[in-house]
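Each value in this text was obtained by applying a stated rule to the coordinates, not by laboratory testing. It should be emphasised that the depicted structure is a prediction, and the values quoted were computed from it without experimental measurement. Methodologically, a virtual Cβ is constructed for each residue, glycine included, from the backbone with ideal geometry; neighbour enumeration extends over all protein chains shown.
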Amino acid sequence: MFVKRGIYFIISILALVSVSCSQYHKISKSQDYKFKYEKAMEYYEREDYFRALGLFDQVIPFYRGTEEAEDIAYKYAYAYYNQKEYIMASYYFDRFYKTYPRSERAEECMFMSAYCKYKESPNYKLDQTTTKEGISQLQLFINAYPTSERVEQCNGLIDELRLKLQMKEYEIAKLYLKMDQYEAAVTSFDNLLLDYPDSEFKEDAMFYTIKSYYYYASKSVRSKRKERYQEAADIYQRFVEQYPESKYMKEVAYMFNKAMKEIENN
């Protein structure tokens with residue numbers, strides 16, 4: 001009995017889908033663009049964004065230059081956003097802002113274009129091009145609308161995206177150290193501390209910078225050792241000033257003492 005009910009339910013659903021597809025097909029083939037526009041709006045309101053977009057594509061050329069064009073462009077961008085197609089949504093929000101800069105929706109769409117980049121930003125282990133684009137667009141929004149109520153949110157989003165970039169650089173630098181590529185590790189940790197002086201990884205990064213310089217010096221030709229041990233010693237001095245209770249203190253003190261002996265011997 002339950003099996004039969006399940007079969008009837010499935011058949012009913014398939015029938016509804018078939019009717020729906022048939023109706024959409026008829027609307028799509030219609031030459032009445034006002035009718036298509038109205039149906040596109042209906043689909044949008046029912047959150048059937050896929051079908052709404054299909055009809056919007058057909059009516060956009062017909063409504064170009066009219067009052068309805070702005071509303072279509074606005075909903076077109078949101079249809080992509082609501083389908084989580086953030087790259088496309090970002091493009092069309094940006095296009096709306098540039099096409100209708102005086103619209104009361106312009107500020108919202110500029111923000112949404114940047115926010116879509118934030119949403120599309122991948123895990124820190126992956127390529128961070130979109131993350132950088134997101135930071136750039138959020139900053140452009142802040143510059144364009146410095147008094148907007150969205151500025152505080154933008155600053156928070158920028159902090160999140162910058163943290164991803166820090167994590168990316170930090171993990172790459174650690175990988176160089178792990179692979180005994182000390183010169184690359186030194187450069188990477190130096191760049192991290194230069195680019196993000198207030199990074200939450202600062203203590204760890206400074207420790208690994210000392211370690212990288214120490215091992216880099218130990219593997220260098222004799223004429224370069226003194227200079228590189230001195231780099232490790234200089235960073236050690238700054239490290240102990242900033243983190244006198246650091247968990248790394250014993251290890252960095254050992255490397256510092258060894259470095260000073262090497263400097264004296266050279």
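Could you tell me the calculated FRET efficiency between D204 and E152, based on Cβ-Cβ distance and R0 = 35 angstrom, to the nearest 0.05?
On the way: r = 29 Å, r/R0 = 0.84.
Efficiency at R0 = 35 Å is approximately 0.75.
Compactness ratio for region 83-195: Cα radius of gyration over 2.2 N^0.38 Å (N = residue count) comes to 1.29.
Each label point was placed 7 Å from the Cα along the Cα-to-Cβ direction; for D159 and E67 their separation is 4.4 nm.
If a/c stays under 1.5 just call it rounded; otherwise compare a/b with b/c (prolate if a/b is bigger, oblate if not). Do that for region 32-120, with a ≥ b ≥ c from the square roots of the Cα gyration tensor eigenvalues. Oblate shape, in that a/c is at least 1.5 and b/c is the bigger or equal ratio. The ranking of S121, S22 from fewest to most other beta carbons within 10 Å of each one's beta carbon is S22, S121.
For region 32-120, what's the relative contact order in percent, using C-alpha pairs closer than 8 Å and at least 6 residues apart? Once normalised by length, the contact order is 21 percent. Students often get this wrong, so try it: which of [x] 23.7, 97; [y] 29.2, 92; [z] 18.6, 53 is Rg and Dmax of the Cα atoms in Å as calculated from the structure shown? Here the calculated entry is [y].
Determine, for R95, R222, the number of other Cβ atoms within 10 Å of each Cβ, and report the residues in order from fewest to most.
R222, R95
Helix 2-29 and the long axis of the chain differ in direction by around 80°, with both axes built from C-alpha atoms. Each residue in E68, E169 was given a count of other beta-carbon atoms within 10 angstrom of its own, and listing them fewest first yields E68, E169. Remind me, relative contact order of the chain in percent, using alpha carbon pairs under 8 angstrom and six or more residues apart? Relative contact order for the chain comes out at 8 percent.
Computed about the Cα centre, the dipole magnitude for the chain is approximately 1040 debye when only Lys and Arg (+1) and Asp and Glu (-1) carry charge, each at its Cβ. Mean residue ellipticity at 222 nm, helices only, the chain: -27000 deg cm²/dmol; runs of at least 4 DSSP H residues each add -39,500 (n - 2.57), and the sum is divided by the number of residues.
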